[in-house]
1. What longest range of the chain stays clear of loop-exposed chymotrypsin sites (Phe, Trp or Tyr not before Pro) (DSSP non-H/G/I/E/B, at most 15 other C-beta within 10 angstrom)?
2. Taking Cα Rg over 2.2 N^0.38 Å as the quantity of interest, determine which of [x] 1.37; [y] 1.08; [z] 0.96 was computed from the displayed structure.
3. Taking a label point 7 Å from the Cα of L36 along the Cα→Cβ vector, which residues of region 66-95 have an amide N closer than 15 Å to it?
4. Hey, any idea what % of the chain's accessible area is carbon plus sulfur with a 1.4 Å probe?
5. Relative to the longest principal axis of the chain, what angle (0 to 90°, nearest 10) does the C-alpha long axis of helix 10-23 take?
6. Let's see if you can work this out: charge +1 on each Lys and Arg Cβ, -1 on each Asp and Glu Cβ, no other charges. What is the dipole magnitude of the chain about its Cα centre, in debye to the nearest 20?
7. To the nearest 10 degrees, how steeply does helix 145-159 sit against the main Cα axis of the chain, on a 0 to 90 scale?
8. At 7 Å along Cα-to-Cβ for each site, give me the label-to-label distance between E87 and A127 in nm.
Amino acid sequence: RKLHYQTSTPEETQALGRILGEQTKPGDVYLLTGPLGAGKTCLTQGIAWGLGVVEYARSPTFVIMTRYRGRLTLYHFDLYRINDPLEAWDLGLDEQLFGDGACVVEWADQAEEIFPPDCLWIDLDYATDGAGRTITIDEAPPRYQAMLDALASYSQKQMG
């Protein structure tokens, strides 16, 4: 089942990410897709803060990977500039995917065939009204159930 969230501001996208980060377990992998400016880095900032990272996560477009230390190590990848999925392996992505930290991969659709099936795909896009963002989580593997429950209760509080 697909889960849909709507955020109106970058801060709301970060807050949603923070819930994800607070629930993150070693080995969790978030694969982010969506057009330029749709909020992938905002969501990642929230995930990092939820993991207790004090730094401000920036898009690692030019360095491809940035490491942040929090409760777990967060490996933040940006595959925007790669031309071939195998380049992601050459960057050492496989070592981080199967390590004891957590990974966020922006532009994961640039190399979707290399990711294992138990990753969480999150698509971010512009809302139809142009102002907010839509965040869609597609068919979450069972390992993410507690996180999805936390997101659901957060969403209900926001609505209520």
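The values are calculated or read from the model by the stated rules, or taken from the named source; none is laboratory data. What you see is a predicted model; the values in this text were computed from it and never measured. As a convention, Cβ positions derive from the backbone with ideal geometry for all residues, glycine included, and neighbour counts pool all protein chains shown. Please note that ligands, DNA and RNA were not included when accessible areas were found on the heavy atoms of the full protein model with its side chains. Shrake-Rupley method; radii C 1.70, N 1.55, O 1.52, S 1.80 Å.
1. On the way: sites that count: Y56, F62, Y80, F98.
That gives 99-160 as the longest site-free run.
2. [z]
3. Once the point is set 7 Å along Cα→Cβ of L36, 79-82 turn out to lie under 15 Å by backbone N, inside region 66-95.
4. It is 51 percent, rounded to a whole number.
5. 70
6. Details: 13 positive and 23 negative charges, 137 e Å.
My answer is approximately 660 debye.
7. For 145-159 against the chain, the angle is about 40 degrees.
8. Result for the modelled spin labels: 3.4 nm.
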